Amino acid sequence: MTSDPAGSTFEPRFIFNIGEMRRKSGDKEKRIADAAIRVFGRDGYHGAKITRIAEEAGVATGSVYLYFRNKQSILQYLFAKLWKELHVGFAYVAQQADLDPRTKVELIIDGILDQFEKNPSLALLFVNEQTQLLRDGTGEFMQYYVDFLQLGERVVRDGIRKGVFRPDVDPRIFTNLVFGATRQLLHQWARAPRQFPLDTVRREIKAVFFGGLLIPLSSTAPRA
């Protein structure tokens, strides 16, 4: 259990339902998961087939079922792993007392983009398939996702309290706005990386959001 900057405590919860899958350790499970990311990203969840995932991973179709019950369990596993990594990384950033709120927001934007930079297929999976899982309201990733957004709200509230962020900003709306815009731009980058370079996406997200969030250093500063 760790403490956030405001002094309250939170405890990241590891919520994979191990009993639902016949988990085997080793490289083969990773190969299947990596192959599923590529197949889901290319064919979409509904168009993907277990046989195609097995072929992409270089394993027998029956081997997939040693690790996952079905296609849905693969998808839930991938999102649980993704959101656990994002949540743990942001929880670490959020509790660093020596970091100011702006730096924390910058780091979480960077963290989201860095997660996908070397894997456009994961970005497509993230954008295209998460909505369905959220609509169902189930899945192993849900608690990580909720905790992640709540940590974002805490950081924004801390910035308001310290006079860094505007007091009229709604922390919940702002956090969802940052996440939603980042998610949409990730989709554009994954589809057309030359038209939407990730470095440009990263810079513009920060420029737009901090331009609307920060209290001006001087109300008499000249307009651009």
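The values are calculated or read from the model by the stated rules, or taken from the named source; none is laboratory data. If you're wondering where the values come from, they're calculated on a predicted model, not measured in any experiment. Glycine also receives a Cβ, built like all others from the backbone with ideal geometry; neighbour counts cover every protein chain displayed.
Of the conditions (1) assigned to a helix (DSSP H, G or I); (2) touching a residue at least 40 places away in the same chain (Cβ under 8 Å), Arg69 fails just one. Which one is it?
Unmet condition: (1).
Here's the yes/no breakdown for (1) of a type in the set (S, T, N, Q); (2) in contact with a strand residue (DSSP E or B) (Cβ under 8 Å, 6 or more places away or on another chain); (3) within 19 Å of Glu140 (Cα to Cα):
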| site | (1), (2), (3) |
| --- | --- |
| Phe40 | no, no, yes |
| Gly47 | no, no, no |
| Ala54 | no, no, no |
| Gly58 | no, no, no |
| Ile74 | no, no, yes |
| Phe79 | no, no, yes |
| Arg102 | no, yes, no |
| Asp110 | no, no, no |
| Phe126 | no, no, yes |
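Residue-wise test of (1) touching a residue at least 12 places away in the same chain (Cβ under 8 Å); (2) buried (at least 16 other Cβ atoms within 10 Å of the Cβ).
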residue: Thr103; (1), (2): no, no
residue: Gly111; (1), (2): yes, no
residue: Phe116; (1), (2): yes, yes
residue: Asn119; (1), (2): yes, yes
residue: Ala123; (1), (2): yes, yes
residue: Phe126; (1), (2): yes, yes
residue: Leu134; (1), (2): no, no
residue: Glu140; (1), (2): yes, yes
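Run down Arg194, Arg161, Arg157, Arg202 and say which single residue is modelled with pLDDT of 85 or more and under 18 Å from the mean Cα position of the chain (by Cα).
On the way: Arg194 fails: under 18 Å from the mean Cα position of the chain (by Cα); Arg161 fails: under 18 Å from the mean Cα position of the chain (by Cα); Arg157 fails: under 18 Å from the mean Cα position of the chain (by Cα).
Just one listed residue meets the conditions, Arg202.
Residues being in a loop (DSSP other than H, G, I, E, B) and of a type in the set (A, V, I, L, M): count how many of those fall in region 186-207.
Residues flagged as in a loop (DSSP other than H, G, I, E, B) and of a type in the set (A, V, I, L, M) within region 186-207 amount to 1.
Has region 168-184 got any residue that is surrounded by 16 or more Cβ atoms within 10 Å (Cβ to Cβ), modelled with pLDDT of 90 or more and outside any loop (DSSP other than H, G, I, E, B)?
Yes, region 168-184 has at least one match.
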